[in-house]
Amino acid sequence: MSCSSSDFCISGTSSLYDDSYSIIGSYDGFDSYSGITNGYFIYYSTGFTQWCVSTTLGGPCTLFGPAPSTNDCPDIYSIYLYSGICVTPTPSPTSVPSCLIDFDAIFDCDVPVTPTVTPTMTVTPTLTVTPSSTNVCGGVSVDASITGFTPSPTPTMTVTPTVSSQQSRPCNFGGVAKFNNVDGRITCANSKKFEDCFSGADFFSSESIFDSNGYPLILGDVYGGFINGVSSCFIFTEIVDYVSGVDNIVITSEYGPSSQGKCLDCIPLTKTPVSTPTPTPTPSSVCPCNQYRLMDFNNEGKTSNISYTDCLSNTIVTKTPANFGTSINEFIIICSKTTPVLSSGNCTLDVIDNCCYSNNCFQFWVQNNDPITTGNFTYTDCNTGLVVSSTVNGGEGLIICSITTPIVDQYSNIFVSVTGILCNTPTPTPTNYLTPTPTRTSTPTPTKTLTPTPSSSSFLWTGGASWVAASGVACSGYISYGGGDWSTSTSVPTVSGSLINNFTGLPVSGQANNWIAISSVSNPGLVIYAVQVDSNGTILNVVVCP
């Protein structure tokens, strides 16, 4: 923004700020000014939305105007500031003393006397030429010099006071007078408004709040810290004058603009330390947070809102099935202090555990179907109980273990699928199908060949168009339908292994002797296999499609 004036004067505050300020450039899109003698700066603080005076450009405001301010020019209160260079007061006229010159003039010349004609009876008068009027000191010059002369001050006439008798006043004063300076910043009656990143709750504070480095806050940025003693992530949204904020807000970290999704980079401390030295909960303790499973949604329930009480923020949260990024035909896991409620329709709901020390840690496949854009999601870590923010690259997928179904943006292209495996359930010892002798080695030997290597992990596959009666038809008709439909216990489909339907978590059933084409989720279409199963989902044959 550009101001019409390039000079301003601050006067009447103290010798600390009083000076002429001239424009030196721009700062955060507004003109900035520097004091000619004191070196102070006038700049516009976008964090406080007000004009400030500071010892450094962009530093803490020590003298400031009203907020919020939309003026292009400094508007520090008019009793102190006006446009232009500071005017030096004109001194009052005083009487000019008389100039007395004292010098001696010495002239080395004789002044001739004008002759007078005297008549003589006996002598004939001699005619004498009467001199014309000339300079009597002709040919004589004067060199005069004048040195500085200090006039004697003219005494001011004062009224001689009338001598009066001395009066005795019986007043005695003693003690010490103390004067306290205001050594802090005087803050106007407005409040900063903050919004919790995850619950959306609003908080207000009228205190002077700076970031962890002592700089003013920036509107729209995400900060981490504590609100009323609770670890939180929050956005500085605006300054208001209709609320006198009383919330206690302490900032310990900065993350950047909320418009860039920085809320997901902030992880609040969700575990509150308890005073008891025993970390194991006593049998009499009751966990206030239950682990709910929602499934079997009817048609109306598949599009309804789901409302529940968040266990950490103790606020009502409303989500849609799309926020969980999963097929509504699967189940959804939620941690809540109250029973989740649908806005319409119905579903089957049951309590499977509590979230304080849950034994149900589910394995989820998170697939980003957007080939370019990185996707953001959050989940609840099974070991720490913390809400973790994570990302998945475009066109890729990953496996995570979580107490709750991962939450994604409603309009993202992220698909979440339950693999059917519990992360904290011991995985059966894998069988090496290359030999009839089962292996008991917990760590498989890495291999770079297509030879199947037993693994305790689950390998995901994208499904083909449909089940068919021949391998050639399956290969020629392969089309990828999303990700994570099937899984195997080996990195390559292996005869005698099982093909798992990830929507049910069970081996495929009802497809005796039929074929389907599958391809790895991590590299879809790179290598395509045609797999034949029996009625129990056991793999009978595997063919690499040409």
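A short reminder: the numbers here are calculations on the coordinates, not readings from a lab. Worth saying up front: this structure is predicted, and the values here are computed from it rather than measured. Backbone-built Cβ (ideal geometry, glycine too); neighbour counts: all protein chains shown.
Quick look at the numbers
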read-out: Distant-in-sequence amide H partners of GLU254 (H built 1.01 Å from N, under 5 Å); value: GLY224
read-out: Distance between modelled label sites at THR373 and SER535, nm, 7 Å Cα→Cβ extension; value: 4.8 nm
read-out: For peptides 43-56, 505-518, 19-32, 241-254, sequence by mean Cβ density within 10 Å, most packed first; value: 43-56, 505-518, 19-32, 241-254
read-out: Cα shape, the stretch 191-265, gyration tensor, a/c 1.5 rule; value: rounded
read-out: Gain on full stretching of the segment that runs from THR56 to GLU300 - 0.36 nm per residue minus C-alpha separation; value: 81.8 nm
read-out: Cα shape, the stretch 290-422, gyration tensor, a/c 1.5 rule; value: oblate
read-out: Cross-link table LYS192/LYS302; LYS193/LYS302; LYS192/LYS337; LYS262/LYS319, entries beyond 28 Å C-alpha to C-alpha; value: LYS192/LYS302; LYS193/LYS302; LYS192/LYS337
read-out: Built amide H within the under 5 Å cut-off of CYS3, gap 5+; value: ASP31
read-out: Contour minus Cα-Cα distance for ILE267 and PHE503 (0.36 nm per residue); value: 81.9 nm
read-out: Relative contact order [Cα under 8 Å, 6+ residues apart], the stretch 7-83, whole percent; value: 25 percent
read-out: Backbone N within the stretch 203-229 under 12 Å of label point (7 Å from ASP28 Cα along the Cβ vector); value: 211, 215-221
read-out: Potential lengthening between THR348 and ASP7 on full extension [0.36 nm per residue; Cα-Cα distance subtracted]; value: 115.5 nm
read-out: Residues with amide H under 5 Å from that of LEU217, placed H, sequence gap 5 or more; value: ASP211
read-out: Pair VAL473, ILE79: separation of 7 Å Cα→Cβ label points (nm); value: 9.3 nm
read-out: FRET efficiency estimate (nearest 0.05) - Cβ-Cβ, THR49 to VAL243, R0 25 angstrom; value: 0.95
